[in-house]
């Protein structure tokens, strides 16, 4: 096998558990979309072009007739603002990817494949083949399962009964463990978790993601300053 | 197979808004020199954001979700395969909801 094929295959293998969880979530989302009157074609177009799970769930909850397209666009923008920081972080590791491809490849950057790319970059250079191995199966699965959900209608009546509603949280916890580097990471996680949970309870909309992320980053910056000070005085 | 104009408008608007957020970081980074404190901030970003997304579910939903999250975290730290970790999380939330 060529190096490219090996890298692509490794990406696919790494993302498989995510695919398993995302299929269920995609089915669920498609079912909800159908209940709001979207056709299977519209459901597929939306999932393929927006390709953002959290934002799509928020959007479908706000969906009504006549379609408030501007309001939906703005809401989705707020939910996805975290992508700006994610993309900024990921672009530091895109040195091995042809520069003409970078902007196009970012279309498929979602929480999970981004997290795996960041993790990969901790130990070795990020390649386009690995990135596509992570991303392409996700786009395909998300689009197909959304359409199947829209066609199948309401067969998945109560996802909570099987714990499916918890699948994404569990997946994220699994991914988070890979970022653990000691007590400092614990401080970042605690700051982010507390601020995000409080923001969710007090501020309407999806700002909790932005605020929690910033709180975690602030904790890291403060700890870094302390460390530098200690180094300067010793 | 139907496609309504306002639905299409919403889809295009949401797709463009999302892509804008995805690609913005690439251009942002052309003017930023990443070292020292900035590097510490960027290194903290992945865990901070992942945690912020799930925090309302694991901390502000119910006792069952919070305990299930702790069990899931323990499985993750034991280096169990990812899919096993996810299944343990799902199973524990179902069981805990029955008990609590």
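Any read-out appearing in this document is the output of simple, stated calculations on the displayed coordinates, not a laboratory observation. Just so it is clear, the structure is predicted and the values come from calculations on it, not from any experiment. Cβ atoms come from the backbone with ideal geometry, glycine included; neighbour counts cover every protein chain shown.
Taking 7 Å steps out from each Cα toward its Cβ at residue B:99 and residue A:99 produces label points 5.8 nm apart.
When you restrict to C-alpha pairs under 8 Å that are six or more residues apart and normalise by the size of chain A, the relative contact order lands at 32 percent. Expressed as a rounded percentage, what relative contact order does chain B have, with Cα pairs under 8 Å and six or more residues apart? In percent, rounded to a whole number, it is 19. The smallest convex shape that holds all Cα atoms of chain B, its convex hull, gives 206 Å³ per residue.
For chain A, the longest principal axis of the alpha carbon atoms and the long axis of helix A:40-50 meet at an angle near 10°. In terms of packing, defined here as the mean over residues of other Cβ atoms within 10 angstrom, the peptides A:121-130, A:138-147, A:212-221, A:178-187 line up highest first as A:212-221, A:138-147, A:121-130, A:178-187. Based on C-alpha pairs under 8 angstrom that are at least 6 apart in sequence, region A:156-232 has a relative contact order of 25 percent.
The modelled label-to-label distance for the pair residue A:194/residue A:62, using points 7 Å beyond Cα in the direction of Cβ, is 3.0 nm. Label point of residue A:201 set 7 angstrom out along Cα-Cβ; within region B:37-80, amide nitrogens under 14 Å from it belong to B:55-63, B:66. Taking 0.36 nm per residue of separation and subtracting the current Cα-Cα distance, fully stretching the chain between residue A:222 and residue A:1 would add 74.9 nm.
Centre-to-centre separation between the Cα atoms of region A:53-71 and those of region B:56-76: 28 Å. Annotation: for a label point projected 7 angstrom from Cα along Cα→Cβ of residue B:2, residues of region A:20-36 with backbone N closer than 13 Å are A:34-36.
Axis angle, to the nearest 10 degrees, between helix B:5-28 and the longest C-alpha principal axis of chain B: 90 degrees.
Exposure proxy ranking for A:224, A:83, B:31, B:4, based on other Cβ atoms within 10 angstrom of each Cβ and starting from the fewest, stands as B:31, B:4, A:224, A:83.
In a fully extended conformation the segment linking residue A:16 and residue A:151 would gain 46.2 nm over its present Cα-Cα distance, using 0.36 nm per residue. If the segment from residue A:180 to residue A:136 were pulled out straight at 0.36 nm per residue, it would be longer than the present Cα-Cα gap by 13.1 nm.
Taking all Cα-Cα distances within region B:46-100, those exceeding 14 Å account for 55%.
For residue B:28 and residue B:77, the FRET efficiency from 1/(1 + (r/R0)^6), where r spans their Cβ atoms and R0 equals 35 Å, is about 0.55.
How tilted is helix B:36-59 with respect to the longest principal axis of chain B? Cα atoms for both, answer in degrees (0 to 90, nearest 10). Tilt relative to chain B: about 50 degrees.
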